[in-house]
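What follows is calculated from the coordinates using simple rules that are stated; it is not laboratory data. The model shown is predicted, which means the values in this text are computed figures rather than measured ones. In this analysis, Cβ positions are derived from the backbone assuming ideal geometry, glycine residues included, and neighbour counts consider all displayed protein chains.
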């Protein structure tokens, strides 16, 4: 009986190609989109802190502090969750089997 030999598929740089499914790619894309969803609100926060008009309105600063701190707290929680998820997804991708072809 003839056994077919399996060889690992390599790139032009002689690196093995990993098996990555569309599900893996879409999971990472969803996580990145979740991070990108913060862009607009972070621009508002940046605009708030970039406004350096003198003299400073201490009442306005005190009034805005709570809302800005809540936004930042929500962002940090979501950012930490997304970073952890991305690290897990990347670890899983790195452990994937290499593509083998039968000759």
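Data for the structure
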{"item": "Packing-based exposure ordering (other Cβ within 10 Å, fewest first) of 85, 52", "result": "52, 85"}
{"item": "Taking only Cα atoms of segment 6-98, radius of gyration then Dmax in Å", "result": "21.3, 74"}
{"item": "C-alpha long axis of helix 39-50 to longest principal axis of the chain, angle in °", "result": "40"}
{"item": "The chain: calculated mean residue ellipticity at 222 nm from DSSP helix runs of at least 4, using -39500 (n - 2.57)", "result": "-21500 deg cm²/dmol"}
{"item": "Difference of contour (0.36 nm per residue) and Cα-Cα distance, residue 14 to residue 62", "result": "11.3 nm"}
